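Undergrad: So that we are looking at the same thing, I have put the structure below in structure tokens.
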Amino acid sequence: MSAKIDFKKVLFLDIETVPETATFEEISPIKQQLFTSKTAYQRKEEITPEEFYSRAGIWAEFGKIVCVSVGFFSEFGETRKFRVTSFYGHNECDLLIDFKELLNTYFSSIGHLLCAHNGKEFDFPYIARRMIINRIDLPVTLDLFGKKPWEIPHLDTMELWKFGDYKHYTSLKLMTHILGIPSPKDDIDGSQVADVYYKEKNLDRIATYCEKDTIAVAQLLLRLYNMELLSKDEIESV
């Protein structure tokens with residue numbers, strides 16, 4: 001990568017989402033109809049909306065955020081220190097307000113960037129949509145109305161890997177494997193988050209998983225710039 005970035009001005013992030021309710025039957029009748037219509041092309045004929053509802057978390061209109069993990073370099077040079085923390089809980093509005101406060105306080109100036117894997121297609125718009133649904137004013141870093149592409153302060157490690165090939169999709173798990181980065185998927189994966197949330201009721205486990213993905217995104221950006229990966233001693237949970 002030839003374009004220079006200031007790693008200390010990048011906020012790395014990952015989100016975990018779940019269906020807004022534990023079961024299809026718990027959403028309103030009108031929303032059941034809307035979900036049935038929305039997923040008609042994704043579902044096979046033999047799969048009912050009730051069976052497909054376990055995937056509802058991928059849509060901001062039918063899901064909710066249960067965890068936002070962020071990481072940043074507090075030191076970057078001869079010595080490096082990468083700090084990671086999470087906003088999580090059952091009250092989505094509260095965790096989004098806390099996340100927004102972090103953005104507005106520390107990552108809203110010119111030159112600051114948000115970075116996620118597939119963030120431009122998923123994480124960034126999902127957060128913005130859920131903020132609007134929760135009646136939260138968008139922070140400047142997520143308010144993209146009227147901005148030109150080069151004015152949008154976002155990095156996407158999957159987009160960087162595409163090198164202009166817009167048909168190409170590469171998962172975080174695959175990229176970490178081929179680039180020699182320790183896999184973050186050593187406990188659960190995204191398809192299991194809803195069960196961990198609704199059945200196990202284990203938010204701490206979800207936050208740990210989300211933080212591992214956030215660290216992996218930072219490792220990917222380092223690797224794309226041909227820099228040394230972070231060691232365990234350089235990573236701190238706060």
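Laboratory data are not the source of any read-out in this text; all were calculated from the coordinates shown. As the structure is a computational prediction, the values presented were derived from the model and not from experiment. Note that each Cβ is placed from the backbone with ideal geometry, even for glycine, and that neighbours are counted across all protein chains shown.
Undergrad: Net charge around Ser231, counting only other residues with Cβ within less than 13 Å of its Cβ (Lys, Arg = +1; Asp, Glu = -1)?
TA: -1
Undergrad: Next up: For the pair Ala22 and Ser108, what calculated FRET efficiency results from E = 1/(1 + (r/R0)^6), where r is the Cβ-Cβ distance and R0 = 41 Å, to the nearest 0.05?
TA: Rounded to the nearest 0.05, the efficiency is 0.70.
Undergrad: Compute the distance in nm between two label points, each set 7 Å from the Cα along the Cα-to-Cβ direction, one at Asn91 and one at Arg135.
TA: Result for the modelled spin labels: 1.5 nm.
Undergrad: Right, something else. Give me the three principal axis extents of the chain from the C-alpha atoms, as integers in angstrom, largest value leading.
TA: 58, 37, 37
Undergrad: Right, next: Given the options Phe107, Phe76, Phe145, state which has the largest fluctuation in a GNM of the chain using a 10 Å cut-off (strictly under) for Cα springs.
TA: Phe145
Undergrad: For region 1-71 and region 159-238, what is the separation of their Cα centres, given in Å?
TA: Taking the Cα centre of each part, region 1-71 and region 159-238 sit 18 Å apart.
Undergrad: For region 12-106, what log10 I(q)/I(0) values come out of the Debye formula at q = 0.15, 0.23 1/Å, with one point per alpha carbon and no solvent?
TA: Values, matching the q order: -0.69, -1.10.
Undergrad: What does a probe at Asp187 reach in region 1-45, counting residues whose amide N is under 13 Å from the point 7 Å along Cα→Cβ?
TA: none
Undergrad: Using Cα positions and a limit of under 19 Å, work out the aspartates and glutamates in reach of Lys31, with same-chain residues fewer than 8 apart set aside.
TA: Answer for Lys31, where 19 Å is the Cα cut-off: Glu20, Glu50, Glu51, Glu61, listed by chain and number.
Undergrad: Now for a separate question. What is the packing order of peptides 29-42, 128-141, taking the mean over residues of other C-beta atoms within 10 Å and listing the highest first?
TA: The peptides rank, most packed first, as 128-141, 29-42.
Undergrad: Give me the Å³ per residue figure for the convex hull around the C-alpha atoms of region 53-181.
TA: Dividing the Cα hull volume of region 53-181 by its residue count gives 154 Å³.
Undergrad: With only alpha-carbon atoms counted, please give the Rg and Dmax of region 113-238, in Å.
TA: When restricted to the Cα atoms of region 113-238, Rg and Dmax are 16.0, 44 Å.
Undergrad: With Kirkwood's inverse mean 1/r over C-alpha pairs for Rh, give me the Rg to Rh ratio of region 74-115, two decimals please.
TA: Ratio of gyration radius to Kirkwood radius: 1.07.
Undergrad: For a label point 7 Å from the Cα of Glu151 along Cα→C-beta, name the residues of region 68-110 whose backbone N is under 16 Å from it.
TA: Answer for region 68-110: 109-110.
Undergrad: Something else: Could you calculate, for region 1-55, the ratio of the Cα radius of gyration to the Kirkwood radius, expressed as Rg to Rh?
TA: 1.31
Undergrad: Full-extension gain between Tyr198 and Tyr41, please, as 0.36 nm times their residue separation minus the C-alpha to C-alpha distance.
TA: Full extension from Tyr198 to Tyr41 adds 53.8 nm.
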